[in-house]
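Data first, discussion second: the structure below is written as structure tokens.
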Amino acid sequence: MIDSPASPTDTEVAAAAALAGAEIVRARYGRRHSRIDKGAGDFATDVDVAAEEAILDVIRAARPGDAVHGEEGGRRGAIDAVREWLVDPLCGTLNYATGSHLVAVNVALRNGPAAVADPFSGEVFLTDGETAWVQYDADGYGQGRTGVRGRRVADGHASGPVARRRPVGEEQLAPTADTRLVDVNLDPPFPGAPAFRAVDLLAHPGFVERFRPRVVSTTLALAWVAAGRRAAYVTDGGDLSGSVHFAAGIALCRAAGCVVTGVDGGPVGPEGRGLVVAADAETHGLLMSLIRGGGRSA
């Protein structure tokens with residue numbers, strides 16, 4: 001929750017809201033979940049809904065006059081509200097439902113601060129709109145102890161397969177292409193086909209010569225580009241600037257100094273399409289040359 005004795009900043013609200021959602025996601029991991037069919041193979045779970053309500057509770061308490069657009073509940077709040085929060089309570093629902101930890105909780109004030117929380121690492125990636133940083137154990141989970149995927153472990157003994165120690169604190173995000181890892185979103189639909197198909201990009205000899213593909217199927221990968229854990233992220237789509245899935249990640253990457261465009265190389269916005277987010281101009285240029293070449297092997 002928000003501990004500041006004064007009125008919280010928008011960045012603090014975003015962080016508290018994302019962490020509230022992340023706590024629900026983490027606490028209910030591994031249980032049986034009811035599913036809500038959205039059609040075309042897409043679905044939400046009861047955890048998506050509960051996490052969104054937890055996020056809304058934080059935003060409503062801190063910013064009662066703002067509107068909120070959630071993936072599950074749509075837009076709520078005053079019709080004439082000047083400010084709007086974009087909320088994706090569980091990005092990577094299919095991953096989560098099948099037992100994977102590759103998920104994110106995204107909260108962004110439109111054209112303002114944003115937060116992306118990783119429910120299983122104790123990390124929250126933040127931007128105030130100008131700078132970007134990551135907080136470790138931001139919710140106090142673990143308190144500097146050895147943890148397993150964000151779970152507290154008594155006496156430093158790990159009960160699960162992956163144990164690590166992460167100091168409580170924060171550091172500025174510093175994009176770098178050194179990893180050469182590029183996340184490519186392969187989820188349908190494919191609005192750019194046949195001119196652009198992500199699967200063709202993966203098969204291009206120029207791509208495999210310079211990069212190594214990854215597919216995590218969650219926009220947590222955008223935060224990883226900002227943090228220097230990925231060299232780039234590529235996805236097709238329409239205008240993603242106001243998307244509950246992408247707004248927080250785009251804000252983080254811009255504040256961290258990444259190169260952010262559409263798959264056509266133009267600005268992300270009403271006239272744009274998809275995303276190419278790269279750690280630096282060289283990486284972005286290489287990816288754009290492959291995409292403009294059709295992303296296909298000769």
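All told, PHE207 meets the bar of being assigned to a helix (DSSP H, G or I), of a type in the set (Phe, Trp, Tyr), buried (at least 18 other Cβ atoms within 10 Å of the Cβ) and in contact (Cβ under 8 Å) with a residue 40 or more places away in the chain. The set of residues from the stretch 97-112 being at pLDDT below 95 and either surrounded by 24 or more Cβ atoms within 10 Å (Cβ to Cβ) or not in a loop (DSSP other than H, G, I, E, B) (or both) comprises just one member, ALA97.
Here is a yes/no grid of residues against (1) of a type in the set (Val, Ile, Thr); (2) surrounded by fewer than 17 Cβ atoms within 10 Å (Cβ to Cβ); (3) under 24 Å from LEU109 (Cα atoms):
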{"site": "ARG197", "(1), (2), (3)": "no, no, no"}
{"site": "LEU240", "(1), (2), (3)": "no, no, yes"}
{"site": "ALA251", "(1), (2), (3)": "no, no, yes"}
{"site": "GLU271", "(1), (2), (3)": "no, yes, yes"}
{"site": "THR283", "(1), (2), (3)": "yes, no, no"}
{"site": "SER289", "(1), (2), (3)": "no, yes, no"}
{"site": "GLY293", "(1), (2), (3)": "no, yes, no"}
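When the test is whether a residue is assigned to a loop (DSSP other than H, G, I, E, B) and hydrophobic (A, V, I, L, M, F, W, C), VAL216 passes it.
Please find, within the stretch 68-82, the residue that is modelled with the lowest pLDDT out of those that are part of a loop (DSSP other than H, G, I, E, B) and crowded, with 18+ Cβ neighbours inside 10 Å.
Quick first cut of the stretch 68-82, residues part of a loop (DSSP other than H, G, I, E, B) only: 71-73, 77-82.
The next check asks that each one be crowded, with 18+ Cβ neighbours inside 10 Å; those that pass are 71-72, 77.
Details: GLU71: 94, GLU72: 95, GLY77: 91.
Of everything passing the filter in the stretch 68-82, GLY77 is modelled with the lowest pLDDT.
How many residues are at pLDDT 95 or above and open to solvent by 10 Å² or more (accessible area, probe 1.4 Å) if we restrict to the stretch 213-232? Steps first, answer last, please.
As a first pass, look at the stretch 213-232 and keep what is at pLDDT 95 or above: 220-232.
Within this subset, residues satisfying the condition of being open to solvent by 10 Å² or more (accessible area, probe 1.4 Å) are 224, 227-230.
So the answer is 5.
Suppose the filter is under 18 Å from ALA115 (Cα atoms) and open to solvent by 70 Å² or more (accessible area, probe 1.4 Å); does ASP42 pass it? Working first, answer last.
Details: under 18 Å from ALA115 (Cα atoms): no; open to solvent by 70 Å² or more (accessible area, probe 1.4 Å): yes.
Criteria not met by ASP42.
Quick grid of which residues meet (1) modelled with pLDDT of 95 or more; (2) basic (Lys, Arg):
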{"site": "GLU52", "(1), (2)": "yes, no"}
{"site": "ARG63", "(1), (2)": "yes, yes"}
{"site": "ASP66", "(1), (2)": "yes, no"}
{"site": "ALA114", "(1), (2)": "yes, no"}
{"site": "GLY122", "(1), (2)": "no, no"}
{"site": "THR127", "(1), (2)": "yes, no"}
{"site": "GLY147", "(1), (2)": "no, no"}
{"site": "ASP155", "(1), (2)": "no, no"}
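The values are calculated or read from the model by the stated rules, or taken from the named source; none is laboratory data. A quick note: this is a predicted structure, and the numbers were derived from the prediction, not measured. Cβ atoms come from the backbone with ideal geometry, glycine included; neighbour counts cover every protein chain shown. For accessibility, only protein heavy atoms count, side chains too; no ligands or nucleic acids. Shrake-Rupley method; radii C 1.70, N 1.55, O 1.52, S 1.80 Å.
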